[in-house]
Amino acid sequence: MGRNPQDNRLSMKAYEWIRDEILANRLHEGEPLSENRLAQELAISRTPIREALRNLEQDGFVKSVPGKGAFVAEVSREDVVEIYELRLLLEPLAARTAVGRVPEEAIDALEADWRDLRDRAARGEAVEYEEVHLLDRRSHGLLNEHSSNRKLRQILSLLHSQIERFQFLSARSLADVRDTAAQHLEICAVLRRRDPEALARLLEEHIRRSEDYILSRYLRR
């Protein structure tokens, strides 16, 4: 007998809400995740909450402890290193297959948004980190979603849901925002030239810098 579509919808709603709370660091590492409290918060039964927690555990956001319940999973140095090793292998490959498939108007829009962000940061205006994060996710998503390899797209989608957590957990200054914008503007320029090897090299450099940033700023312990 198949699952009730309503149960699937509620489970996905719970999954996305809990994941977003973890990504935004409103649910902290090691914090207990009470099924009763979450069910009350979302005004749904415990069944979809339980399913959502199982799926979140599979994706690395939650850890279950026998006899104690579910907790927000802690991020380790090993987690970061392993995920970034995969990024270095997979994202340049995705970029090579996507470079001729990304629409010119999508590149124009992305470039304009990064320029606007860079200029506002340079003027000393307040820039919400969530805005930087969403634009960063959109940039990488643009390359991944235009890859001709469907399985590769699926794998990268899962990886980036975990990478987002590391990004939210690290605070950035205006200088970091300008540096991030400069890197992405360079990626846009190479993408516009439709040069797959140059784009792959640039992405590798960008990913390595991102990993170094997280390891030095967040995982110094």
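Figures for the structure shown
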read-out	value
Number of the exception - ASN149 against (1) at pLDDT below 85; (2) surrounded by 15 or more Cβ atoms within 10 Å (Cβ to Cβ)	(1)
Failed condition for VAL177, given (1) among the hydrophobic types (A, V, I, L, M, F, W, C); (2) part of a loop (DSSP other than H, G, I, E, B); (3) at pLDDT below 90	(2)
Among residues of the range 88-109, those that are touching a residue at least 40 places away in the same chain (Cβ under 8 Å) and over 16 Å from GLU197 (Cα atoms), counted	2
Those residues of the range 66-80 which are among the small types (Gly, Ala, Ser) and either at negative phi or in contact with a Cys (Cβ under 6 Å, 6 or more places away or on another chain) (or both), in sequence order	ALA70, ALA73, SER76
Selection from the range 48-76 of residues that are among the polar types (S, T, N, Q) and in a loop (DSSP other than H, G, I, E, B)	SER76
Hits in the range 11-68 (condition: of a type in the set (A, V, I, L, M, F, W, C) and free of Cβ contacts under 8 Å to residues at least 24 places away in the same chain)	ALA39, ALA43, VAL65
Test: residue in the range 83-90 that is of a type in the set (Ser, Thr, Tyr), assigned by TED's automatic domain parsing to the domain that holds ARG194 and either part of a helix (DSSP H, G or I) or in contact with a Phe, Trp or Tyr (Cβ under 8 Å, 6 or more places away or on another chain) (or both)	yes
Options LYS63, LYS68; residue that is exposed (fewer than 14 other Cβ atoms within 10 Å of the Cβ) and not assigned by TED's automatic domain parsing to the domain that holds ASN144	LYS68
Test: ARG192 is modelled with pLDDT of 85 or more, assigned to a helix (DSSP H, G or I), within 16 Å of the chain's Cα centre (by Cα) and basic (Lys, Arg)	no
Evaluation of ARG120 against (1) touching a residue at least 12 places away in the same chain (Cβ under 8 Å); (2) more than 29 Å from VAL62 (Cα to Cα); (3) buried (at least 17 other Cβ atoms within 10 Å of the Cβ) (one fails), failing number	(1)
The range 130-146, residues that are hydrophobic (A, V, I, L, M, F, W, C) and either touching a Leu at 6+ places or on another chain (Cβ under 7 Å) or farther than 15 Å from VAL99 by Cα (or both)	VAL132, LEU134, LEU135, LEU142
Options LEU152, LEU93, LEU134, LEU110: the member that is within 13 Å of the chain's Cα centre (by Cα) and not small (Gly, Ala, Ser)	LEU134
Qualifying residue in the range 123-142 (condition: aliphatic (A, V, I, L, M), assigned to a helix (DSSP H, G or I), farther than 17 Å from ALA24 by Cα and touching a residue at least 60 places away in the same chain (Cβ under 8 Å))	no
Qualifying residue in the range 51-65 (condition: on the phi > 0 side of the Ramachandran plot and modelled with pLDDT under 95)	yes
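The values are calculated or read from the model by the stated rules, or taken from the named source; none is laboratory data. Nothing here was measured: the structure is a model prediction, and the numbers come from that model. Methodologically, a virtual Cβ is constructed for each residue, glycine included, from the backbone with ideal geometry; neighbour enumeration extends over all protein chains shown.
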